[in-house]
Amino acid sequence: MKIYLATGNKNKKREMEELLPEHEILIPSDEGINFDPEETGTTFYENSLIKARTLYEIVHCPVIADDSGISVDALNSVPGIYSSRFAGPDFPQGKPDGSKISQDEQNKFLIDMTNKVIAENKLPKGAYLNGPRSCHYTCAMVLYAGNDRLFVAQETFEGTLIEDIKDQAGNGGFGYDPIVFLPEYNKTIAQLTADEKNAISHRGKAVRSLKQIINILK
């Protein structure tokens, strides 16, 4: 079945093709579709639904959209839904002009901000699954199969932020993956194989939650 993925991110397309190999996965740019909806939601789910509905109204075929990001416990879940726009302590929700900084800069800012909070003993109260450097990815995924016909799964993927940008490691994955360490694997996410990551990641778990529905769609 042909399924559209509401993203311009080719890395997300690659992951989805690995997770749903029996289906044809297309992103808007594959068919010359201009797709850049304004993400005005205040949650991962709301932004995912905006993207799914917007693309469905163009293609009139099943659409999968996800909104995902990283949240650092020590920073009160910053950057969260603003992960792709995050531009450091002065612009945690992104720059006013919409310009973005490089991923390397985002990674360094996130580590430095976390180190500062820990050093100053200003950790917010809360549950820290992996100690004071705990962080997690969230993925809210919407399968949109028509007006009033949609399915939702939201999952997380827990890890811990590395202490120094010099320790980032791995060539797999994308985004913040090289700076998120998985104690149980003794690796960063970017050091996992594609199969290892898909088996435990937030996006992999969300897809598996929806897969039975995807396979019976008509």
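Restricting attention to the stretch 137-150, and to residues there that are touching a helix residue (DSSP H, G or I) at 6+ places or on another chain (Cβ under 9 Å) and not aliphatic (A, V, I, L, M), which single residue is surrounded by the most Cβ atoms within 10 Å (Cβ to Cβ)? Break it down stepwise before answering.
Filtering the stretch 137-150 for residues touching a helix residue (DSSP H, G or I) at 6+ places or on another chain (Cβ under 9 Å) gives 137-147, 150.
Filter again for not aliphatic (A, V, I, L, M), leaving 137-139, 144, 146-147.
Numbers: TYR137: 22, THR138: 23, CYS139: 22, TYR144: 25, GLY146: 12, ASN147: 9.
My answer is TYR144.
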* Structure fact -> Over the stretch 27-66, the set of residues part of a helix (DSSP H, G or I) and in contact with a helix residue (DSSP H, G or I) (Cβ under 9 Å, 6 or more places away or on another chain) is PRO28, SER29, ASP30, GLU31, PHE44, GLU46, ASN47, LEU55, ILE58, VAL59
* Asked: Given the conditions (1) modelled with pLDDT of 95 or more; (2) outside any strand (DSSP E or B); (3) surrounded by 13 or more Cβ atoms within 10 Å (Cβ to Cβ); (4) among the small types (Gly, Ala, Ser), and given that ALA153 satisfies all but one, which numbered condition is not satisfied?
  -> (2)
* Kindly indicate whether GLY80 is open to solvent by 40 Å² or more (accessible area, probe 1.4 Å) and at positive phi. => no
* Out of (1) in contact (Cβ under 8 Å) with a residue 12 or more places away in the chain; (2) β-branched (Val, Ile, Thr); (3) out of contact with any strand residue (DSSP E or B) (no Cβ under 8 Å at 6 or more places or on another chain), what's the single condition that is false for VAL63? -> (3)
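When you look at MET113, is it part of a helix (DSSP H, G or I) and open to solvent by less than 50 Å² (accessible area, probe 1.4 Å), yes or no?
Answer is yes for this residue.
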* Asked: Can you name every residue in the stretch 156-206 that is open to solvent by 40 Å² or more (accessible area, probe 1.4 Å), over 26 Å from PHE109 (Cβ atoms) and not β-branched (Val, Ile, Thr)?
  -> GLU184, ALA194, ASP195, GLU196, ALA199, LYS205
* To do: Within the stretch 124-136, identify whether any single residue is in a helix (DSSP H, G or I), open to solvent by 20 Å² or more (accessible area, probe 1.4 Å) and over 30 Å from MET1 (Cβ atoms), and answer yes or no.
  => no
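Please enumerate the residues belonging to the stretch 67-95 that are part of a strand (DSSP E or B) and charged (D, E, K, R).
Quick first cut of the stretch 67-95, residues part of a strand (DSSP E or B) only: 67-72, 78-79.
If the condition is that a residue be part of a strand (DSSP E or B) and charged (D, E, K, R), then ASP67 is the only one that fits.
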* Structure fact -> When LEU75 is run through (1) open to solvent by less than 70 Å² (accessible area, probe 1.4 Å); (2) more than 18 Å from the chain's Cα centre (by Cα), the failure sits at (2)
* Select from the stretch 2-26 the residues that are in contact with a Leu (Cβ under 7 Å, 6 or more places away or on another chain), in contact (Cβ under 8 Å) with a residue 60 or more places away in the chain, open to solvent by 20 Å² or more (accessible area, probe 1.4 Å) and in a helix (DSSP H, G or I) and list them in ascending order. => LYS12
* Structure fact -> Going through the stretch 83-119 in order, the residues found to be among the small types (Gly, Ala, Ser) and on the phi < 0 side of the Ramachandran plot are SER83, SER84, ALA87, SER99, SER102, ALA119
* To do: Scan the stretch 10-46 for residues that are closer than 21 Å to LYS211 by Cα and of a type outside the set (D, E, K, R) and report the count.
  => 11
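The values are calculated or read from the model by the stated rules, or taken from the named source; none is laboratory data. Because the structure is predicted, anything quoted here is derived from the model rather than measured. For neighbour counting, all protein chains shown are included, and Cβ atoms are generated from backbone atoms with ideal geometry for every residue, glycine included. Calculation scope for accessible area: heavy atoms of the full protein, side chains included, ligands and nucleic acids excluded. Shrake-Rupley method; radii C 1.70, N 1.55, O 1.52, S 1.80 Å.
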